[in-house]
1. If G77 satisfies every condition in (1) open to solvent by less than 10 Å² (accessible area, probe 1.4 Å); (2) touching a strand residue (DSSP E or B) at 6+ places or on another chain (Cβ under 9 Å) but one, which is the exception?
2. Here are L302, L284, L278, L266: which of them is within 16 Å of ligand 2 (Cβ to nearest atom) and either among the hydrophobic types (A, V, I, L, M, F, W, C) or over 28 Å from D137 (Cβ atoms) (or both)?
3. For segment 263-276, give me each residue that is within 18 Å of A40 (Cβ to Cβ) and assigned to a helix (DSSP H, G or I).
4. Could you tell me whether T122 is within 12 Å of ligand 1 (Cβ to nearest atom) and closer than 15 Å to I20 by Cβ?
5. Based on what the data block shows, is L195 in contact (Cβ under 8 Å) with a residue 12 or more places away in the chain, in contact with a helix residue (DSSP H, G or I) (Cβ under 7 Å, 6 or more places away or on another chain) and surrounded by fewer than 22 Cβ atoms within 10 Å (Cβ to Cβ)?
6. So, in segment 167-179, how many residues would count as being in contact with a helix residue (DSSP H, G or I) (Cβ under 9 Å, 6 or more places away or on another chain), open to solvent by 30 Å² or more (accessible area, probe 1.4 Å) and not β-branched (V, I, T)?
7. Give the residue that is nearest to I269 (Cα to Cα), with candidates limited to residues of segment 198-233 that are small (G, A, S) and open to solvent by 40 Å² or more (accessible area, probe 1.4 Å).
8. When both residues are 6+ apart or on different chains and their Cβ atoms are under 6 Å apart, which pairs have a first residue that lies in segment 119-136 and is in contact (Cβ under 8 Å) with a residue 60 or more places away in the chain and within 9 Å of ligand 2 (Cβ to nearest atom), and a second that is of a type in the set (S, T, N, Q) and outside any strand (DSSP E or B)?
Amino acid sequence: MNVRANEEVKTALAEKKPVIALESTIISHGMPYPQNVQTALAVEKIIRDHGAIPATVGIIDGIGVVGMTPDEIEEFGKRGMTIPKVSRRDLPVILARGSWGATTVATTMILAAEAGVDFFVTGGIGGVHRGAENTFDISADLEELARTNVTVICAGAKAILDLPKTLEVLETKGVPVLGYQTQELPAFYTRKSGLKVDYELKDAEDAASVIKAKREFGLTGGILIANPVPEEYSYDADEINAVIDDAVREAEEKHITGKEITPFLLARIAEITGGKSLEANIQLVFNNAAVGSEIAKAYCKL
Ligand code: PSU
Ligand code: MN
């Protein structure tokens, strides 16, 4: 495959050092400029401060890049939504045409795995959308978690999705959903969703041993680690759910569907909350970067 890891990433992987992949859809479609670039660069710094190597993933001139330069990250942030959001099904066209593409959770997993990167930190994954019983809108992220050997550390999934159905699909596909020091599935802005995860992880070493057991047994597919937003940045559940309900209703009224729906909802929620949700979003990614780095380090020591 046309994947290019930078020298630092290649060396780190050869020396069995911890490398953490990061996605670019969160930069181009998930946050406004310039906070998107500031966040992406700050996340890389947190990973370095924790002794791991960051590798922001995206498609540049038809090449899958694993480990972008700060200038490239700036481009993804500045160009924003004009860079197409690329999931698994979009990949062939973007590669063939030599285009730029912002990678979703699914495509970041594909490119990370191809480069040999085992860990991936982000904010929230895609999942089963509300009303999926009629629309069939289920993110390709779930299928990717089923098949690709990358551990994804996130803050759960936003309540823009149908969380119970998302958990059911992950179970059907054999994806372990593990709570980091919690028994409950976090719902992105909130620490609680009222739903149980499969298992609680005690610490980074516990997480690493589960990942190793899956790999050693030869079970293919990803692992989802859900790390709740820090208490001080978490939202009141009723408050944020009312905002989410409004945004979902607006999307229905405007007949927004397909790959547009997630970016639309993220942007509307940020607008309605006047940027307060953006702050929570940024902080939870920072927290995931710290926890993800610790897990990757523990894994490399096994
Ligand atoms: N959820 C978020 N923030 C995001 C996304 C989802 O809270 O930035 C992005 C991720 O890149 C994810 C994608 O992989 O949206 C899912 O889009 P879709 O539902 O179209 O598969
Ligand atoms: Mn979809």
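The values are calculated or read from the model by the stated rules, or taken from the named source; none is laboratory data. What you see is a predicted model; the values in this text were computed from it and never measured. Cβ atoms come from the backbone with ideal geometry, glycine included; neighbour counts cover every protein chain shown. What goes into the accessible areas is simple: the full protein's heavy atoms, side chains included, and nothing from ligands, DNA or RNA. Shrake-Rupley method; radii C 1.70, N 1.55, O 1.52, S 1.80 Å.
1. Condition (2) is where G77 drops out.
2. None of the other options fit; the residue is L266.
3. Answer for segment 263-276, where residues must be within 18 Å of A40 (Cβ to Cβ) and assigned to a helix (DSSP H, G or I): P263, L266, A267, A270.
4. Numbers: within 12 Å of ligand 1 (Cβ to nearest atom): yes; closer than 15 Å to I20 by Cβ: yes.
Answer is yes for this residue.
5. Numbers: in contact (Cβ under 8 Å) with a residue 12 or more places away in the chain: yes; in contact with a helix residue (DSSP H, G or I) (Cβ under 7 Å, 6 or more places away or on another chain): yes; surrounded by fewer than 22 Cβ atoms within 10 Å (Cβ to Cβ): yes.
Yes; evaluated as a whole, the condition is true for this residue.
6. 3
7. Of the residues in segment 198-233, the ones small (G, A, S) are 204, 207-209, 213, 218, 221-222, 226.
Within this subset, residues satisfying the condition of being open to solvent by 40 Å² or more (accessible area, probe 1.4 Å) are 209, 213, 218.
Values: S209: 37, A213: 39, G218: 41 Å.
So, considering only residues that are small (G, A, S) and open to solvent by 40 Å² or more (accessible area, probe 1.4 Å), the one nearest to I269 (Cα to Cα) is S209.
8. From segment 119-136, the pairs are G126/S139.
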